[in-house]
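Here is the structure we will look at.
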Amino acid sequence: MTRIFLDATTLIALGTIGELEQLLSFSGEVVALPTVQSEVTTEPAQTNLSRFIAQDAVATADPAIQDRVEQAKEVLGEVEQNGDVSLIAAVLAYTAEERPVGVVSDDQRVRTTARGLGATVTGTVGVIVRAVEEGLDREAAHDLVRRIDSHGLHMTGTLREKADELIEEAAR
């Protein structure tokens, strides 16, 4: 089974509007690592994340990651272990064993690095598109994009158009 590691960027975007359950549209086990959770400091995202973890049996640990933390620090040029380091450590651990791994992040550095190391990568818009593929009404999806855009994840006009286009494609 694919493990899907969540980044704070998406947890904040969806948590701020109370829509973390959209992350359950993926066919895999979602994981919110402690170092990533600690980066979700704004409300209501922090409270909604705590509820999401408690209510939806979201995994919060992966022992395989610890063996790859130092390597991930080197890859990212980081001194301390933070959420980005933990995510890349997860990718390094899983791809070394040729196990499927996904990362959900809106952070360009994390996305580029994870993809380059062999992970499947998507972001907040991809989460919404996946939810549409799994049965979320397209108007509800468009509303989610508008709500996210108005609550902090300010999208460029191009990104908003692309999100709308992808939602329409997924709804067909």
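Points to keep in mind about this one:
- Karplus (6.51, -1.76, 1.60) ³J(HN,Hα), θ = phi - 60°, over region 32-42, in Hz, Gly and Pro reported as x: 10, 5, x, 5, 6, 4, 5, 8, 8, 10, 8
- Environment charge at residue 73 (Cβ cut-off 12 Å; Lys +1, Arg +1, Asp -1, Glu -1): -4
- The mean sequence separation of alpha-carbon pairs under 8 Å and at least six residues apart, normalised by the residue count of region 73-172, gives a relative contact order of 20 percent.
- Relative contact order %, the chain, counting alpha carbon pairs below 8 Å whose residues are six or more apart: 25
- Loop-located GluC sites (Glu not before Pro) in region 69-111 (DSSP state not H, G, I, E or B) with no more than 12 neighbouring Cβ atoms inside 10 Å: 80, 97, 98.
- Region 42-87 and region 22-39: distance between their alpha carbon centers, rounded to Å: 9
- Rolling a 1.4 Å probe over the protein heavy atoms leaves residue 106 with an accessible area of roughly 50 Å².
- Normalised contact order of region 51-97, rounded percent, pairs of Cα under 8 Å and 6 or more residues apart: 38
- Computed over the Cα atoms of the chain, pair by distinct pair, the Kirkwood hydrodynamic radius stands at 16.2 angstrom.
- Subtracting the Cα-Cα distance of residue 21 and residue 71 from their residue separation scaled by 0.36 nm leaves 14.8 nm.
- Rounded to the nearest 20, the size of the Cβ-charge dipole of region 1-102 about its Cα centre is 180 debye, with Lys and Arg at +1 and Asp and Glu at -1.
- Using the 1.4 Å probe convention, the accessible area of the chain works out to 48 Å² per residue with neighbouring protein chains retained.
- Per-residue ellipticity at 222 nm from helix content only, as computed over the chain with -39500 (n - 2.57) for each DSSP H run of at least four residues, stands at -16000 deg cm²/dmol.
The values are calculated or read from the model by the stated rules, or taken from the named source; none is laboratory data. Quick caveat, the model's predicted, so the values are computed rather than measured. A quick note on method: Cβ atoms are made from the backbone with ideal geometry, for glycine too, and the neighbour counts reach across all protein chains shown. Only protein heavy atoms, including side chains, enter the accessible area calculation; ligands, DNA and RNA are left aside. Shrake-Rupley method; radii C 1.70, N 1.55, O 1.52, S 1.80 Å.
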